[in-house]
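Asker: This is the structure I have questions about; it appears just below.
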Amino acid sequence: MYENIAHNIYAQNNIGVESPSKLIEMLYEGVLRFNAQAKKAIKDKNVEKRVYWMNRSTAVISELNAILDLDNGGDIAHYLKGLYAYQLQLIAEAGHENNIEKLDESSRVFKVLLETWRETTNVA
């Protein structure tokens, strides 16, 4: 179910991705958008949309986890693996409990990851 999410997002958007680093940026942005939509669905008490958007976030995070290079990525890859696992747990708990604060926590983490990713990949 969660296989090839990155490729599907690329194909759906039909955006010319210049590099794999741009694709990671798009995935981080996707999690932020999907979490925001899930938060809105919780506020609106719309269970169907809440589940839909949380599933989208979960799918993207699972893809980010799947593409980690644990053999060559060093400590950072292992740290990210744990961080992504925690984000999946937060989103699951947020859905189960209708807990906006847990979604916000996840979004704060992904905002920092996105900012850091942009800073490190845009170095000339």
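Asker: Looking only at the stretch 88-108, decide whether some residue is closer than 17 Å to Leu23 by Cα and either buried (at least 16 other Cβ atoms within 10 Å of the Cβ) or out of contact with any strand residue (DSSP E or B) (no Cβ under 9 Å at 6 or more places or on another chain) (or both).
Answerer: no
Asker: Same structure, new question: Going residue by residue through the stretch 34-51, is there one that turns out to be surrounded by 17 or more Cβ atoms within 10 Å (Cβ to Cβ), under 14 Å from the mean Cα position of the chain (by Cα), under 22 Å from Lys22 (Cα atoms) and aromatic (Phe, Trp, Tyr)?
Answerer: yes
Condition check ((1) in a helix (DSSP H, G or I); (2) at pLDDT 90 or above; (3) more than 13 Å from Ile67 (Cβ to Cβ); (4) not basic (Lys, Arg)) across all residues:
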site: Ala6; (1), (2), (3), (4): yes, no, no, yes
site: Gln12; (1), (2), (3), (4): yes, no, yes, yes
site: Val17; (1), (2), (3), (4): no, no, yes, yes
site: Ser21; (1), (2), (3), (4): yes, no, no, yes
site: Glu25; (1), (2), (3), (4): yes, yes, yes, yes
site: Ala38; (1), (2), (3), (4): yes, yes, yes, yes
site: Ile42; (1), (2), (3), (4): yes, yes, yes, yes
site: Lys49; (1), (2), (3), (4): yes, yes, yes, no
site: Met54; (1), (2), (3), (4): yes, yes, yes, yes
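Asker: Determine, yes or no, whether Leu114 is part of a loop (DSSP other than H, G, I, E, B) and either under 13 Å from the mean Cα position of the chain (by Cα) or touching a residue at least 12 places away in the same chain (Cβ under 8 Å) (or both).
Answerer: Judged against the criteria, Leu114 is not a match.
Asker: Against the conditions (1) within 19 Å of Ser57 (Cβ to Cβ); (2) polar (S, T, N, Q); (3) in contact (Cβ under 8 Å) with a residue 24 or more places away in the chain, where does Gln89 fall short? Just the number, please.
Answerer: (3)
The values are calculated or read from the model by the stated rules, or taken from the named source; none is laboratory data. The shown structure was predicted, so the numbers you read here are calculated from the model rather than taken from an experiment. Neighbour counts run over all protein chains shown; Cβ positions are idealised from the backbone, glycine included.
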